[in-house]
1. Which aspartates and glutamates does Lys35 reach when only Cα atoms under 20 Å apart count, and residues fewer than 8 places away in its own chain are ignored?
2. Cα centroid distance between the range 40-63 and the range 154-183, in Å?
3. What are the ³J(HN,Hα) values, in whole Hz, obtained from phi via the Karplus relation 6.51 cos²θ - 1.76 cosθ + 1.60 with θ = phi - 60°, for each residue of the range 133-148 in sequence order, with x given for Gly and Pro?
4. Over the Cα atoms of the range 50-182, what radius of gyration and what Dmax do you get, in Å?
5. Give the calculated FRET efficiency between Asn40 and Lys89 to the nearest 0.05, with a Förster radius of 35 Å applied to their Cβ-Cβ distance.
6. In the range 155-174, whose amide N lies under 15 Å from the spot 7 Å out along Cα-to-Cβ of Ser50? List them in ranges.
7. What are the semi-axes of the equivalent ellipsoid for the range 142-181, taken as the square roots of 5 times the Cα gyration tensor eigenvalues, largest first, in whole Å?
8. Can you work out the Karplus-derived ³J(HN,Hα) for every residue in the range 72-86? Use 6.51 cos²θ - 1.76 cosθ + 1.60 with θ = phi - 60°, whole Hz, and x for glycine or proline.
Amino acid sequence: MANKALIICFIVALMAAEIGFSASALWATSTKAGKETTTNLKFYFHDTVSGSSPSAVRIAQAPVTGSSKTLFGAVLMADDPLTEGPDPKSKLVGRAQGLYGSACQSELGLIMAMNYQFTEGEYKGSSFSILGLNQAMDPVREMPVVTGTGRFRMARGYALAHTHWFDKATGDAIVMYNVTIIH
Ligand SMILES: *[C@@H]1O[C@H](CO)[C@@H](O)[C@H](O)[C@H]1NC(C)=O
């Protein structure tokens with residue numbers, strides 16, 4: 001009889017281990033992390049600083065910004081459309097909203113604090129955040145994805161930004177983002 005009870009206890013413990021459940025205390029339970037998902041996203045980011053309806057506007061600058069070749073100290077607020085293709089008229093999939101500013105004196109290095117929110121498909125309503133330096137003159141630069149919301153809760157990852165088109169005269173740019181997210 002005692003043996004039977006012991007065996008049942010053993011089986012229950014095994015089953016608990018199997019589903020990754022550990023009952024250490026009532027107020028704090030933990031579940032084993034399930035399978036992680038890796039998502040790859042590709043979209044085009046349209047940053048327009050020129051014209052009568054720019055998508056990024058300068059909101060602050062330092063006394064030295066005007067004499068700096070990198071516009072050191074300038075801070076912009078952006079609400080940039082994200083599209084499926086490089087054509088600005090292609091399908092809108094989301095928006096990149098937030099701040100970027102010139103944080104580098106020797107070359108154009110933008111510190112990005114931006115939220116990328118999706119409005120289409122499976123990731124509609126979900127977002128991720130990028131916080132890092134964007135060495136804008138490099139053809140490809142890597143930036144960290146710090147976390148997200150919705151489908152991207154607890155996400156981590158990185159974005160590879162490729163300049164698709166850049167107008168030196170105005171500063172307008174179209175950038176292809178290739179984002180790898182684990183969530
Ligand atoms: C996107 O990034 C992934 C992972 O870094 C890479 O394997 C893939 O080739 C890239 N795709 C494009 C179109 O750049």
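All of the numbers you see were taken from the coordinates with simple rules; none came from a lab. Remember, predicted model here, so these are calculated numbers, not experimental data. Backbone-built Cβ (ideal geometry, glycine too); neighbour counts: all protein chains shown.
1. Glu18, Glu122
2. 13
3. Once θ is set to phi - 60°, the couplings for the range 133-148 become 8, 10, 7, 4, 8, 6, x, 9, 9, 10, 9, x, 8, 8, 5, x Hz.
4. 14.9, 46
5. The computed FRET efficiency comes out at 0.90.
6. 165-174
7. So the three semi-axes of the range 142-181 are 27, 9, 7 Å.
8. 3, x, 6, 10, 10, 10, 10, 9, 9, x, 10, 10, 5, x, x
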